[in-house]
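The values are calculated or read from the model by the stated rules, or taken from the named source; none is laboratory data. Not measured: the values here are computed from a predicted model. Cβ sites come from the backbone with ideal geometry, for glycine too, and all protein chains shown count toward neighbours.
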Amino acid sequence: MDSKSVKPFKNQNYQQLKHKCLEQRNLFEDPEFPASDASLFYRSPPPGKVEWKRPKELCEDPHLFVNGISSHDLLQGKLGNCWFVAACSCLALRENLWQKVIPNVKEQEWDPKQPEKYAGIVHFCFWCFGEWIDVVIDDRLPTVRNELIFCHSNDRNEFWSALLEKAYAKMAGCYEALDGGSTAEAIVDFTGAVTESIDMADGKYSYDIIEQAKLFEELLKVQRRGGLICCYITPLSSSEFEGQTEMGLVKGHAYAVTEVLKMRLGEKILSCAKSEKLFMIRLRNPWGKSEWTGAWSDESEEWKKVSKAEWKKLGLTIENDGEFWMSFEDWCKSFTDVDICRIVNTSFFSIHKTWEKKMMHGWWTKNPDPLLNRSGGCFNHQATFLQNPQYVFDVKKVEDKVLISLQQKDQRIYKKEGKGDHFVIGFEIFKVENNREYRMHTLTIQEKVATSTYIDNRTIFLKVLLKQGRYVLIPTTFRPAIEAEFILRLFTDVPSELRELTLHKPKLMCLDILCGIPRRVSQIKIHSVEGLQSQDRHGGANPYVIIKCENWTVRSPAQKGTINAVFNMQAIFYRRKSEHPIIVQVWHSNILCDQFLGQVLMTASPGDPRELQKLQLQGRGRRQAEEMPGHITLKVLSSDDLVEL
């Protein structure tokens, strides 16, 4: 992270403020987040009389870190933000991640040898809606009877977690605004990660061993590549909230996953001998107590099956410290929801898979003009759906895994005003014409290939496998006429050229004066070809399709070894000379010279049939009237209204 790319929150520059305090020999007092009740709550007052104290007033030797940073450093205080504390526990596991959130550690640390450098000011960095934000705070912390009220460390003289929580509360408006939230969202704010939420019931993970194994390998890969994982049990009713299961797990409570591994059982006597391996997962309760009491809990009999060497490797300690082990099978049966936070790798120097990333900022905005409105609601609202923002991207490989993240602005800051609920959002993906450059106005010919969930989460994620071609992604709010800002992130194996479609039709160019303006728009979809003439001794061919219209040509990839091929290829043309036909040709791909297999000519007039047509292939040139082996199945739509298709 380049320090120059970090933006100061509320225009407060850390270095300038610190320099001013040192120069005037004053301790910093933050006017943007004062030591007052307004920074604490908007509805529920704290338990007791609050005094704001600096770390030096709470202990003699304060430090940001004591013996480094650890997931054991955190204890949840009198605030319902276990989700935030769980995210901090995850963050503490990754030095490369927390060093971005807590920058310049040595400079910020208290130095007893140079007390004159203490200015009572600290700062933290958060990934906020696509960019890194630097948040400055003073180090006054809320206490009751000389005890920190909220998040704190096991060590009385360690303050990184309490100060980090204060900076996060400042971004949210006040401490109480952190009451209730999502661990995954906090991790995104710490890292810029891409989050995927998994419903364990929908995924059949609680009982399907094969699905369990797939999930374990996925989580193992995420954990090894620096990702973060958290989980929780959704209570069936409000009365169950923070109630415990028979095995000691707390419902409605966020747990951080601190390790995923395969554990060896018994002694491995020979190097070639295979020992039994068990899928294991380690979790931490932000309360620092209340652990799992089932199999593989701290004092269970199962640990007798594990060798001393394995104990040492795991760093196992038998303490009621909130951290515990479970078998992966028990974990799948016990938890209802899992958030996977991927640190998507975009570095070309990595030994792991490198993703190509594109990010777009967008807005849902209202306008009475249908051509200008950008808040059309979800797919249920057919009349206005296509008025939403539209983004086009290309899948250039034969098949590619695509990761998509749609994020709306955090509404937590509006809790003080009695608002703060996120909008229900989601998105649809359509396979479109290979040459589309203008907004879609009809869905007659396009194929919907993927739909995200629609939910009132801050972030919606989808992982989907797409075939080669061009796609349009339409992000929407569930209801129309809602105004909001969003960011769209798309990750592919090769560059996707993600961009917004803003124009409804081609702009008038100088060329139009000479050649005439476009007067007709035509869409054509090639479904399939069949019955082609064999081109090799095995009775096959390598067919591909070329669509020609005036000066434009669109070509499909070649199919291999078949005389019957499905293409689902689309093209769109804005035609100046509508009297000229659209030509669809079928060719055989060959190493030395491609072979012409036949063609059809389409007048593509508005009055032509709109249903699928099965047409006989014809020759070309002097043999144009001759029939050639094979048929082509296609659909053509045309209109003299350029914004109809």
Quick one: which of E485, E500, E433 is more than 19 Å from V194 (Cα to Cα) and surrounded by fewer than 19 Cβ atoms within 10 Å (Cβ to Cβ)?
-> E500
Quick one: T442 ticks every box in (1) in contact with a helix residue (DSSP H, G or I) (Cβ under 9 Å, 6 or more places away or on another chain); (2) among the polar types (S, T, N, Q); (3) assigned to a strand (DSSP E or B) bar one, so which box is it?
-> (3)
Within the bounds of region 572-581, is there any residue that is in contact (Cβ under 8 Å) with a residue 40 or more places away in the chain, in a loop (DSSP other than H, G, I, E, B) and assigned by TED's automatic domain parsing to the domain that holds T453?
-> no
Based on what the data block shows, is L642 in contact with a Phe, Trp or Tyr (Cβ under 8 Å, 6 or more places away or on another chain) and either not assigned by TED's automatic domain parsing to the domain that holds G539 or not in a strand (DSSP E or B) (or both)?
-> yes
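For region 118-137, what are the residues that are of a type in the set (A, V, I, L, M) and assigned to a loop (DSSP other than H, G, I, E, B)?
Across region 118-137, the qualifying residue is only A119.
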Residues that are in contact (Cβ under 8 Å) with a residue 12 or more places away in the chain and out of contact with any strand residue (DSSP E or B) (no Cβ under 7 Å at 6 or more places or on another chain), drawn from region 415-442 | K415, K416, G420, D421, E437, H441, T442
Filter region 243-286 down to residues that are touching a Gly at 6+ places or on another chain (Cβ under 6 Å) and assigned to a loop (DSSP other than H, G, I, E, B) and give me whichever is modelled with the lowest pLDDT.
-> S275
Any pair with Cβ under 9 angstrom, 6 or more apart, that starts in region 482-499 at a residue that is assigned by TED's automatic domain parsing to the domain that holds G376 and ends at one that is loosely packed, with under 13 Cβ neighbours inside 10 Å and hydroxyl-bearing (S, T, Y) = F491/T346
Counting residues that are surrounded by fewer than 18 Cβ atoms within 10 Å (Cβ to Cβ), which helices (runs of 4 or more DSSP H) fully inside region 1-117 reach at least 1?
-> 14-24, 55-58, 95-101, 105-108
Check every one of the strands (runs of 3 or more DSSP E) wholly within region 288-376 and list those with 1 or more residues that are in the same structural domain as V392 (by TED's automatic domain parsing), loosely packed, with under 15 Cβ neighbours inside 10 Å and modelled with pLDDT of 95 or more.
-> 356-364
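Residues are listed down the side, and each one gets a yes or a no for (1) surrounded by 22 or more Cβ atoms within 10 Å (Cβ to Cβ); (2) under 16 Å from V135 (Cα atoms); (3) without any contact (Cβ under 8 Å) to a residue 60 or more places away in the chain:
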position: L148; (1), (2), (3): yes, no, no
position: H152; (1), (2), (3): yes, no, no
position: N157; (1), (2), (3): no, no, no
position: S161; (1), (2), (3): yes, yes, no
position: A184; (1), (2), (3): yes, no, no
position: I187; (1), (2), (3): yes, no, no
Restricting attention to region 214-251, which residues are out of contact with any helix residue (DSSP H, G or I) (no Cβ under 9 Å at 6 or more places or on another chain) and small (G, A, S)?
-> S237, S238, S239, G243, G248
Across region 398-427, what is the total count of residues that are surrounded by 15 or more Cβ atoms within 10 Å (Cβ to Cβ) and either part of a strand (DSSP E or B) or out of contact with any Gly (no Cβ under 8 Å at 6 or more places or on another chain) (or both)?
-> 18
Residues that are at pLDDT 90 or above and of a type in the set (S, T, Y), drawn from region 158-194 = S161, Y168, Y175, T191
Would it be correct to say that F379 is in contact with a helix residue (DSSP H, G or I) (Cβ under 6 Å, 6 or more places away or on another chain), surrounded by fewer than 20 Cβ atoms within 10 Å (Cβ to Cβ) and closer than 30 Å to Y574 by Cα?
-> yes
Given the conditions (1) more than 20 Å from K166 (Cβ to Cβ); (2) hydrophobic (A, V, I, L, M, F, W, C); (3) without any contact (Cβ under 8 Å) to a residue 40 or more places away in the chain, and given that L22 satisfies all but one, which numbered condition is not satisfied?
-> (3)
Within region 126-136, can one find any residue that is under 30 Å from R224 (Cα atoms) and acidic (D, E)?
-> yes
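Is at least one residue of region 469-476 surrounded by 14 or more Cβ atoms within 10 Å (Cβ to Cβ) and either in the same structural domain as W552 (by TED's automatic domain parsing) or farther than 28 Å from F573 by Cα (or both)? Give the derivation first.
Kept after step one, since they are surrounded by 14 or more Cβ atoms within 10 Å (Cβ to Cβ), are these residues of region 469-476: 469-476.
Remaining after also requiring either in the same structural domain as W552 (by TED's automatic domain parsing) or farther than 28 Å from F573 by Cα (or both): none.
No - not one qualifying residue is present in region 469-476.
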Have a look at R25, R43, R94 and point out the one that is modelled with pLDDT of 90 or more and among the basic types (K, R).
-> R25
